Amino acid sequence: MERPLTVGQLARATGVPAKTIRFYEQVGVLPVAERSASRYRQYSRRDVDRLVFVRRARALGLSLPKLKILTGEFQGAKCATIRPRLQTLVADQLRTVRHQIVEFQALEQELSELLRRLEMTTVTPDAEGCRCLDEISGN
């Protein structure tokens with residue numbers, strides 16, 4: 001039987017801070033760790049794999065609530081059973097990112113136009129207030 005890992009050892013093995021590991025347990029993304037007789041958290045190789053999976057999924061922008069559902073399916077599940085749910089989540093995330101790209105492109109265009117106008121216009125010293133952003137749409 002392999003020797004259990006402490007939260008610090010799990011953090012080093014996965015690159016996830018111990019504080020984040022404890023938070024993931026608290027919100028249910030990771031199962032609550034077994035405890036030693038001296039009340040230290042104990043983790044297994046399976047926990048390392050699960051946490052690496054969570055870290056990678058978070059890097060792709062998957063939300064904690066979605067990860068909580070997905071990782072809840074890890075209990076005894078094989079990749080073949082989790083894969084379809086993961087595909088759905090990744091497809092949803094891809095749609096979200098594509099929508100954000102369109103929004104960012106519109107914002108980029110609006111900022112470029114504003115900068116161009118700010119660089120081209122002069123301000124009179126006796127003007128009341130600043131009306132530089134008056135023409136910006138209220139989207």
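Each reported figure results from applying straightforward, stated rules to the coordinates on display, with no laboratory input. Small disclaimer: the values here were computed from a predicted structure and weren't measured. A quick note on method: Cβ atoms are made from the backbone with ideal geometry, for glycine too, and the neighbour counts reach across all protein chains shown.
For the reader, a short list of remarks on this structure follows.
- Helix 79-120 axis versus longest C-alpha principal axis of the chain: approximately 20°, rounded to the nearest ten.
- Efficiency of FRET from Cβ geometry, Val52 and Arg85, R₀ 22 Å, rounded to 0.05: 0.75
- Simple spin-label estimate for Gln105 and Val27 gives 3.1 nm between the two label positions (7 Å along the Cα-to-Cβ direction from each Cα).
- Note on the chain: the C-alpha convex hull projects to 14.1 nm² when averaged across all orientations.
- Just checking the listed ones, Leu114, Leu89, Leu30: in the Gaussian network model of the chain with Cα springs under 10 Å, the one fluctuating most is Leu114.
- Distance (nanometres) between label positions extended 7 Å along Cα→Cβ at Arg116 and Arg95: 3.4
- Dividing the helix sum by the residues of the chain, where each DSSP H run of 4 or more adds -39500 (n - 2.57), gives a mean residue ellipticity at 222 nm of -20000 deg cm²/dmol.
- Multiplying the residue separation of Glu128 and Ala37 by 0.36 nm and removing their Cα-Cα distance gives an extension gain of 25.6 nm.
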